[in-house]
Structure formats: structure tokens, C-alpha cells
Amino acid sequence: MSQKKERDVILGHEDEADGIQEYDNPLPDWWVGLFWITIIWSVAYLVHYHFIAHRSPEAALAQELAVAEQLYSQTAAGGNVAQFAVTAEAVAAGEQVYRANCVACHGANLQGGIGPSLLDDEWIHGDAPEDIIRTITEGVQEKGMLAWGPILGAATVNDVAAYVISRHGEAAGGEISGETQQAQSDSTPVPSEFAITTEAVAAGQQLFQTYCVVCHGANLEGGIGPSFIDDEWIHGGSPEDIIRTITNGVPDKGMVSWGPVLGAESINHVAAYVVSKNAAALGREPGTQ
């Protein structure tokens, strides 16, 4: 016969514990059983983790890095540098893109302005083709240069780099070919499909956060560019004015012509977002002056 466990035995500590008495009862069998199971499980898990499955945080990190290396090495292998070439076609295509997007900061003849000259031998971020491509692709946000890779795509970035390298080579040889071209058009028509809707404002917010924050601030408070939450509109505060300014850019102030980059619909969305935020900041209905 199993001996019944004695319960409710008083230990006799009351004189030492302000009269508080304590029982010396055994722990429940189910609790003791679970306790031993956890101990046995932890030993088995430890042996399996380190000596059978050969797992460890270091091994997990190495596996993740190997996957990332394979992914990004494949991207690089099919990306900018491997496909780059200075050809007549690439230079011609790159010139068109440069005229549309880069003139405002680097000058019509690459002589510099807001951004550095691309004709001398002072290359801040490297003069090798892969350096130029990387700079165009990733941008220089602390200097206000956008990351053009997601906007233009790898092939177009290559074309711009080919154009820059070609013009730099001509300058180094004492010749700069080509004439200054008008980078912007003051007669760009304002799209007629503008409307301030919930969908347009939401889409415009995404575009603004991607392309405009560097100059105008995350909350449209201004920075390199002016604020959009006051009543001081340099180029007009009507929706048509805002759309025209975004589309044509402001070359003398370093603002890119976004028309060829975003297209009419996306520009309408950005304008809807700006008008909506301005009205909210000033406590009035969107579209009223």
C-alpha cells in the first residue's frame, strides 16, 4: 500500500514571522510531472538543436546572408553595370532624358548650378561608369538629389550615364558639342481630368512621399523648396497653377520638370493631395482661395 502523504503540517515559524504560520504541503503531482517534463524536453532540445540538426543563430544568419547574396548578385548581374555601353544610341537617348530631368540642377551644358559640374575632373562620388550609374540610381538625398533608379529604370539610367560620360570626354578634349536646348515648355497644357477625390488624394500622398519629401518636407512644411501649408504661392495656388508648376518644373529654382516622369494622371493626384493638405492646414474647403 502506498503511504498517504501527510498534509497541513505546521512548520512552526510563527515566532519568527510575526505570527504567520506556514504549512509544509507537497506540490501537486501534476505540477511536479510537468516540471520534470520541461527539464527532460530542454535537454533533448539542446542536444537536437546543436548536435543533431546543427542549428544556431550564427548558422541562421549565414543562411539568410547566402540567400540575400544570391538574390542581389543575380540582380546586379542583370542590372546596370553589366549592360552599360557608351554608344551613339545610348548617348542620344540619355541626352533627351537629361534635358527633361537634370538640367535644372546640373545646367543645360552640364556646367553645374545647384548641382556640381559634370565637365571637370572633380567627381564627388566617383568617376567610373559604375560610380556614375550608382549615384544616379541611388541619388544623394542629403544634397537634394533624388534616387532616379526607381523613376527612370536601369536602361534609362545607363543612357543618362552614357551621355554624361560622353560630354565629359568631349570637355576633357577641349570640345563641347551641342547647343543649349530649352529644357522646359511654358505652354504645357493643364490636364482637364483634375478632381479632388479620396482616391486621388491617397494616390497623391504616396507619390508625394516618394518624390517630393526631400525638397518640400514630409508634412509639406517646406525645406529646400517652399511650404505648401500657407497662403504664399510663388507660382499660383489654384489647381491649374499647381499642376502647371509640377509639370513644367522651375529650372531656376532647381525643381525638376515632372511631366515626362510622372505623367498627367499622377501629377493630378499630387496636386489633389497638395490642395487638400493646404486647405486642411488653413481650415477651409479644398479649392477655395
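The table for this structure:
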read-out	value
Residue in segment 43-51 that is touching an Asp or Glu at 6+ places or on another chain (Cβ under 6 Å) and loosely packed, with under 10 Cβ neighbours inside 10 Å present	no
Of all residues making up segment 139-165, the number that are of a type in the set (A, V, I, L, M, F, W, C) and part of a helix (DSSP H, G or I)	10
Test result for Gln209, in a loop (DSSP other than H, G, I, E, B) and at pLDDT below 90	no
Criterion: surrounded by 19 or more Cβ atoms within 10 Å (Cβ to Cβ) and farther than 16 Å from Trp258 by Cα - qualifying residue of Gly94, Gly139, Gly126	Gly94
Of all residues making up segment 225-255, the number that are in contact (Cβ under 8 Å) with a residue 24 or more places away in the chain, outside any helix (DSSP H, G or I) and over 25 Å from Ala108 (Cα atoms)	6
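Table: residues versus (1) more than 24 Å from Gly149 (Cβ to Cβ); (2) touching a residue at least 60 places away in the same chain (Cβ under 8 Å); (3) under 22 Å from the mean Cα position of the chain (by Cα).
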residue	(1), (2), (3)
Gln205	no, yes, yes
Phe208	no, yes, yes
Gly223	no, no, yes
Pro260	no, yes, yes
His269	no, yes, yes
Asn278	yes, no, no
Glu285	yes, no, no
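The values are calculated or read from the model by the stated rules, or taken from the named source; none is laboratory data. Computed from a prediction, not measured in an experiment: that's the story for all the values here. Virtual Cβ from ideal backbone geometry, glycine too; neighbours counted across all protein chains shown.
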